[in-house]
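The values are calculated or read from the model by the stated rules, or taken from the named source; none is laboratory data. No experiment lies behind these values; they were computed from the predicted model shown. Neighbour counts run over all protein chains shown; Cβ positions are idealised from the backbone, glycine included.
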Amino acid sequence: MKRIWAALWLILLAAGLVGVYERLAQGHRVAGYTSNVPWGLWVALYMSLMGLSAGAFLLSNLAYVFNVKALRRVGRLGLLTALVSLIAALFAIWFDLGHMARFWKVFLRPNFASPMAWMVWLYTAYFVTLAGELWYAIRADLVRAADGDGIQARVARRLTFGNRDLTQQAMERDAHRVRLLGTIGVPLAIAFNAGSGVLFAVVEARPYWNSAVLPILFLVSALTTGGALLTFLVAFLTRDKGGETHRQTVAFLGRLTLGFLVLDLLLQVSELLVGLNTTVPGHGDAVRWMLAGPGWWSFWLVTVLAGAVVPIVMLTRRGASVSQMGTAGLLIAVSFVAVRLNIVVPGLVVPPLAGLPAAYVEPRLAFHYAPSAMEWLVALFIVIVGVGLFHLGRNVLPVAGENRREA
C-alpha cells in the first residue's frame with residue numbers, strides 16, 4: 001500500500017513540475033488572470049495555507065501555553081503542521097510574484113508604510129519562533145533517538161546540535177522555553193493572519209473588501225481550518241489509533257472545529273446580508289456575482305455544501321466514528337480554498353466604473369477570471385510538496401504523542 005501511495009505522489013509531483021516549468025519559462029502569460037484581475041488561485045491558496053498554519057499553531061499552544069490537557073497529544077504534530085503549511089504558503093505567494101528573484105528586496109529595502117512589508121517581517125519572526133518552539137518540544141526525544149540506528153537516528157544526531165543533556169533541569173528548561181516561544185508566537189500568529197484580512201480591508205476602491213469584519217473573519221477561519229486539518233491528521237495518521245484516548249482527542253478537536261465553523265458561517269452570512277442590502281456601487285454586484293453569477297458553483301457547491309453542510313451533519317451525528325470526524329475535517333480544510341477565492345475574485349471582477357469593460361476591448365483587460373491549467377498544476381505542486389514535507393517530518397522527527405516527561 002505504501003508503494004501505491006508513493007507512486008501516486010510521484011505522478012502528481014511530476015504533473016506539478018510541468019506547471020512549474022511552464023511558469024518559469026513563460027511567466028504569467030499563460031495564467032488566467034488579467035490586468036484588471038491580477039490575483040487568483042495562488043493568492044487564495046496562499047491565504048488558505050497561512051490560515052492553516054496560524055490555526056494549527058494557535059491550537060497547539062492551547063496545550064503548551066494555556067495547558068489544555070485534551071490537546072497535549074497533538075501539540076507537536078500541530079507545530080509540524082503549522083511549519084509545513086507556512087513553507088507551502090510562502091511558495092504559493094512566491095510563484096505569484098512578477099519577479100520571483102526579487103523577493104529578498106523586501107528585507108533590505110522595505111517600505112514600512114506598506115502592510116505587505118509588515119506582513120513579510122511578521123512571517124519571518126513567526127517562522128523563527130515556530131521552528132524554535134518545535135525544536136525545544138522534541139529536543140529530548142531527538143537525543144534519545146540519536147542513540148539508535150537508521151535515518152531517524154542520523155537526522156536526530158544532527159538536529160540535537162550537540163545538546164545531549166537529559167537531566168531534569170534540562171527538561172524543565174525545554175518546557176519553559178516552549179511556553180515562552182508559544183507565548184511570543186500566539187500574538188504573532190494572530191497579527192499576521194488578521195493582517196492578511198487588513199491587506200484587503202484597507203482597499204477603499206474595492207467596496208466588497210472594505211470591511212472591518214474581514215480581519216476578524218480571517219482569524220476565525222484560521223482557527224476553523226487549523227482545527228479541521230488537525231482533526232483529519234489525528235484521526236488517520238497518528239500511530240496510536242483505535243484507543244479510547246485517541247477517540248476522545250479526535251472528538252474534542254471535532255467539537256472545537258464545529259464551534260469555530262459555526263462562528264465563521266455567522267460572520268460570512270452577516271457580510272453577505274450587508275452586501276445584498278447595500279447601495280454602495282460594486283459591493284452588491286460582487287456578492288451577486290458570487291451567489292448567482294459565474295461564481296455560484298464555488299460558493300454553493302464547494303463552500304456551502306462540501307465545506308459546511310456535509311461536515312456539520314457528520315460532526316453532529318450521534319455516535320460519529322473517528323473516520324467520519326476526520327473526513328469532515330478534511331472537507332472543511334480543503335473547501336476553504338474556495339472560501340478564499342470567493343473573497344479574492346468577486347472583489348476584482350466587478351468593474352469599479354460603469355462602462356469600463358467596453359472602453360477598452362483586449363483579452364488582457366477583461367473583467368473575468370478562471371484559473372488556467374498552469375495555475376492548477378503549480379497549485380498541485382505546492383500541495384504535493386507540502387504533503388511530502390509533512391510525511392518526511394512525521395517519519396523522521398519524534399512528533400507523535402507527548403514528550404515522555406510530559407506524559
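Here are a few things to note about the model shown:
- The residues of the range 87-116 that are small (Gly, Ala, Ser) and loosely packed, with under 10 Cβ neighbours inside 10 Å, listed by number, are Gly98, Ala101, Ala113.
- Helices (runs of 4 or more DSSP H) within the range 309-407 that include 2 or more residues of a type outside the set (A, V, I, L, M, F, W, C): 310-316, 322-344, 346-349, 373-396
Okay, residues lined up against (1) over 27 Å from Leu77 (Cα atoms); (2) in contact (Cβ under 8 Å) with a residue 40 or more places away in the chain:
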{"residue": "Val220", "(1), (2)": "no, yes"}
{"residue": "Leu229", "(1), (2)": "no, yes"}
{"residue": "Arg239", "(1), (2)": "no, yes"}
{"residue": "Glu244", "(1), (2)": "no, no"}
{"residue": "Gly254", "(1), (2)": "no, yes"}
{"residue": "Gln268", "(1), (2)": "yes, yes"}
{"residue": "His283", "(1), (2)": "yes, yes"}
{"residue": "Trp296", "(1), (2)": "yes, no"}
{"residue": "Trp300", "(1), (2)": "yes, no"}
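- Every pair of residues 6+ apart whose Cβ atoms lie under 6 Å, when the first sits in the range 174-185 and is farther than 14 Å from Ala131 by Cβ while the second is part of a helix (DSSP H, G or I) and of a type in the set (Ser, Thr, Tyr): Asp174/Tyr136; Arg179/Tyr64
- Among the candidates Phe127, Phe112, the residue that is assigned by TED's automatic domain parsing to the domain that holds Ala194, modelled with pLDDT under 85 and hydrophobic (A, V, I, L, M, F, W, C) is uniquely Phe112.
- Test for Leu24: is it in a helix (DSSP H, G or I), farther than 16 Å from Leu256 by Cβ and among the hydrophobic types (A, V, I, L, M, F, W, C): yes
Results for (1) in a helix (DSSP H, G or I); (2) assigned by TED's automatic domain parsing to the domain that holds Ala89; (3) more than 19 Å from Gln248 (Cα to Cα); (4) of a type outside the set (Ser, Thr, Tyr), shown as yes or no for each residue.
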| site | (1), (2), (3), (4) |
| --- | --- |
| Tyr46 | yes, yes, yes, no |
| Ala54 | yes, yes, yes, yes |
| Leu59 | yes, yes, no, yes |
| Ala70 | yes, yes, no, yes |
| Val74 | yes, yes, no, yes |
